[in-house]
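The structure appears right after this line, and notes come after that.
The values are calculated or read from the model by the stated rules, or taken from the named source; none is laboratory data. These numbers come from a predicted model, not from an experiment. Cβ: placed from backbone, ideal geometry, glycine included. Neighbour counts: every protein chain shown.
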Amino acid sequence: MRGAMTDTARHGPARLSGAMTMMFAVAGGLSVANVYYAQPLLGAMAGDFGISPASIGIVVTVTQIGYGLGLIFITPLGDILDRRRLIAVQSLLLCLALAAAALAPTGGLFMAAMVAVGLLSVLVQTLIAFAAVLAAPAARGRTLGIVTSGVVIGILCARFIAGLLSDMGGWRSVYLTSAMLTLLMAIALHRILPDHRESQPTPSYWSLLRSIPVLFIEEPVLRRKAVMAFLIFAVFSIFWTSLALPLRAEPHSMSHTAIGLFGLAGVAGALAASWAGRLADRGLGNWTTGISLGLLLVSWALISMLHTSILALIAGTVLLDLAIQAVHVTNQSAILSIRPEAKSRIIGGYMVFYSAGSASGAIASTAIYAHAGWAGVCLLGSAVSLAAVIYWAATLPRRKSLPRSVQTCPVC
């Protein structure tokens, strides 16, 4: 395969097979899950390290800080290095960071390890950019939809798996298991993925980093989609970071495994990713985004019923994940079409806003829950969702008006 790919690199980009697309989806899900394992385990971690419930959201925040740093300093390397080798190295280093988190004896060392976990989990963005490069242009939205489906399933199953493993062997067993799976993933990716390096002249690393702000200045689509990413993933983190707190408390008193099952309810969001990509390929990305944001706002009415109806909470969970992932797919489809030579930098810059939104939502939701309970969390989530709807409407591309001579032409 490697020899065949070297020849392909000389004559044009390889195209993704169905099996290769699924490999990207599985690897993306495994890598991104590491960012979300902590969410249903916050209560256990707080007790183990002596951190107050009001402050334990910092675990998610420091992971997202690491993730943001990785997006800035690691993801752009995909535009100048062989992506296959970059993916393999990231996977091995991520394995070591996960082992360090599992074995950390103090809260400080655990936080440092989680920064490294976040830093290296940007592997998923290298995979997404690589999939976009190899996909046929007419099928890029569909391909990104499939890969994003794998990513979303990884995010949502992470909570269930983390809860199950924690109930069986403690929260540290979650990170030890992930370290072993990541090592296996590194070996598989190195054997299966093709060699690939961009054919354009290679800029220096620092000029590569300096070009990222320039992309935001020159590309209004990237700016719009980045702000939208901040808003929707703040909502995502507001919900998922704080959900375990009322479910662990009276009168529910759920186990980690039971709390993790709510993540499986959100797998419908992964299914949304596929059809959203197809609609984006047909030029309907903006309206798909608008409808999805409307559903996101509606979801909070159901989520607010947590203390009176678990079924309503489940329905709201499905709706929230469906809406957010649909918007995410249409965002990625739009931005990965604007600068073919800068896909890694574009996805990295975009995902910085994703990470910032997730970190902000995590720390805000646990703080508000401590002072205003679940009602305060729902009010915050609804407000940010409404802000996303308003921002979408305010930034819709306007049709250019036709000249008056054309408007009044009886034939036209």
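One line per residue, one yes/no per condition, for (1) closer than 15 Å to residue 239 by Cβ; (2) modelled with pLDDT of 95 or more:
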| position | (1), (2) |
| --- | --- |
| 357 | yes, no |
| 361 | yes, no |
| 385 | yes, yes |
| 389 | no, yes |
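Does residue 278 meet the test of being part of a helix (DSSP H, G or I), out of contact with any helix residue (DSSP H, G or I) (no Cβ under 8 Å at 6 or more places or on another chain), in contact (Cβ under 8 Å) with a residue 12 or more places away in the chain and charged (D, E, K, R)? Explain how you work it out, then say what you get.
Numbers: part of a helix (DSSP H, G or I): yes; out of contact with any helix residue (DSSP H, G or I) (no Cβ under 8 Å at 6 or more places or on another chain): no; in contact (Cβ under 8 Å) with a residue 12 or more places away in the chain: yes; charged (D, E, K, R): yes.
For residue 278, the condition - part of a helix (DSSP H, G or I), out of contact with any helix residue (DSSP H, G or I) (no Cβ under 8 Å at 6 or more places or on another chain), in contact (Cβ under 8 Å) with a residue 12 or more places away in the chain and charged (D, E, K, R) - is not met.
Every residue in the stretch 36-53 that is among the hydrophobic types (A, V, I, L, M, F, W, C) and closer than 22 Å to residue 120 by Cα, please. Write out each step before concluding.
Residues of the stretch 36-53 that are among the hydrophobic types (A, V, I, L, M, F, W, C), as a first pass: 38, 41-42, 44-46, 49, 51.
Across the stretch 36-53, the qualifying residues are 38, 41, 42, 45.
For residues that are in a loop (DSSP other than H, G, I, E, B) and under 18 Å from the mean Cα position of the chain (by Cα), scanning just the stretch 18-56, find the one that is nearest to residue 179 (Cα to Cα).
37
Filter the stretch 17-47 down to residues that are free of Cβ contacts under 8 Å to residues at least 60 places away in the same chain and not polar (S, T, N, Q), then give me how many there are.
4
I'm told residue 251 meets every condition in (1) in contact with a His (Cβ under 9 Å, 6 or more places away or on another chain); (2) more than 28 Å from residue 87 (Cα to Cα); (3) outside any loop (DSSP other than H, G, I, E, B); (4) modelled with pLDDT of 85 or more except one. Can you identify the failing condition by its number?
For residue 251, the failing item is (3).
Which ones in the stretch 142-189 are of a type in the set (Val, Ile, Thr) and either within 14 Å of residue 266 (Cα to Cα) or touching a residue at least 60 places away in the same chain (Cβ under 8 Å) (or both)?
143, 146, 147, 148, 151, 152, 153, 155, 161, 174, 182
Filtering the stretch 322-365 down to residues that are over 20 Å from the mean Cα position of the chain (by Cα) and part of a helix (DSSP H, G or I), which residue is surrounded by the most Cβ atoms within 10 Å (Cβ to Cβ)?
340
Here are the criteria: (1) crowded, with 24+ Cβ neighbours inside 10 Å; (2) in contact with a Ser or Thr (Cβ under 9 Å, 6 or more places away or on another chain); (3) closer than 17 Å to residue 127 by Cβ; (4) not hydrophobic (A, V, I, L, M, F, W, C). Tell me which single one residue 190 does not satisfy.
Only one criterion in (1) crowded, with 24+ Cβ neighbours inside 10 Å; (2) in contact with a Ser or Thr (Cβ under 9 Å, 6 or more places away or on another chain); (3) closer than 17 Å to residue 127 by Cβ; (4) not hydrophobic (A, V, I, L, M, F, W, C) is unmet by residue 190, namely (1).
Would you confirm whether or not the stretch 207-230 contains a residue that is small (Gly, Ala, Ser) and surrounded by 20 or more Cβ atoms within 10 Å (Cβ to Cβ)?
There is at least one residue in the stretch 207-230 that is small (Gly, Ala, Ser) and surrounded by 20 or more Cβ atoms within 10 Å (Cβ to Cβ).
Is it the case that the stretch 157-165 has a residue that's among the charged types (D, E, K, R) and over 24 Å from residue 59 (Cβ atoms)?
No, because not a single residue in the stretch 157-165 is among the charged types (D, E, K, R) and over 24 Å from residue 59 (Cβ atoms).
Are there any pairs with C-beta distances below 7 angstrom linking a residue in the stretch 214-241 that is charged (D, E, K, R) to a residue that is assigned to a helix (DSSP H, G or I) and buried (at least 18 other Cβ atoms within 10 Å of the Cβ), with the two at least 6 apart or on different chains, and if so which?
Pairs that qualify, where the first residue is charged (D, E, K, R) and the partner is assigned to a helix (DSSP H, G or I) and buried (at least 18 other Cβ atoms within 10 Å of the Cβ), are 225/331; 225/334; 225/335; 225/350.
Looking at this structure, is residue 156 modelled with pLDDT under 85 and either in contact with a Lys or Arg (Cβ under 6 Å, 6 or more places away or on another chain) or in a helix (DSSP H, G or I) (or both)?
Spelling it out, residue 156 is indeed modelled with pLDDT under 85 and either in contact with a Lys or Arg (Cβ under 6 Å, 6 or more places away or on another chain) or in a helix (DSSP H, G or I) (or both).
Kindly indicate which of 71, 86, 94 is surrounded by 17 or more Cβ atoms within 10 Å (Cβ to Cβ), modelled with pLDDT under 90 and part of a helix (DSSP H, G or I). Break it down stepwise before answering.
Working: 86 fails: modelled with pLDDT under 90; 94 fails: modelled with pLDDT under 90.
Step by step, each of 71, 86, 94 is checked, and only 71 is surrounded by 17 or more Cβ atoms within 10 Å (Cβ to Cβ), modelled with pLDDT under 90 and part of a helix (DSSP H, G or I).
Which ones in the stretch 118-153 are among the hydroxyl-bearing types (Ser, Thr, Tyr) and assigned to a helix (DSSP H, G or I)?
Passing the criteria: 126, 143, 148, 149.
Is it the case that some residue within the stretch 103-110 is aromatic (Phe, Trp, Tyr), part of a helix (DSSP H, G or I), modelled with pLDDT of 85 or more and within 22 Å of the chain's Cα centre (by Cα)?
No, there is no match, as no residue in the stretch 103-110 is aromatic (Phe, Trp, Tyr), part of a helix (DSSP H, G or I), modelled with pLDDT of 85 or more and within 22 Å of the chain's Cα centre (by Cα).
On the given criteria, is residue 291 closer than 21 Å to residue 234 by Cα, out of contact with any Gly (no Cβ under 9 Å at 6 or more places or on another chain), surrounded by fewer than 20 Cβ atoms within 10 Å (Cβ to Cβ) and of a type in the set (A, V, I, L, M)?
Against the criterion (closer than 21 Å to residue 234 by Cα, out of contact with any Gly (no Cβ under 9 Å at 6 or more places or on another chain), surrounded by fewer than 20 Cβ atoms within 10 Å (Cβ to Cβ) and of a type in the set (A, V, I, L, M)), residue 291 qualifies.
Restricting attention to the stretch 30-58, and to residues there that are within 18 Å of residue 103 (Cβ to Cβ) and surrounded by 24 or more Cβ atoms within 10 Å (Cβ to Cβ), which single residue is modelled with the lowest pLDDT?
Here the answer is 41.
Are there any pairs with C-beta distances below 9 angstrom linking a residue in the stretch 101-117 that is free of Cβ contacts under 8 Å to residues at least 40 places away in the same chain to a residue that is part of a loop (DSSP other than H, G, I, E, B), with the two at least 6 apart or on different chains, and if so which?
Listed by first residue and then by second, the contacts come to 112/104; 113/104.
Residue 319 - would you say it is crowded, with 23+ Cβ neighbours inside 10 Å, at pLDDT 90 or above and either on the phi < 0 side of the Ramachandran plot or not β-branched (Val, Ile, Thr) (or both)?
When the stated conditions are applied, residue 319 passes them.
Return the total of residues in the stretch 281-304 being at pLDDT below 95 and assigned to a loop (DSSP other than H, G, I, E, B).
3
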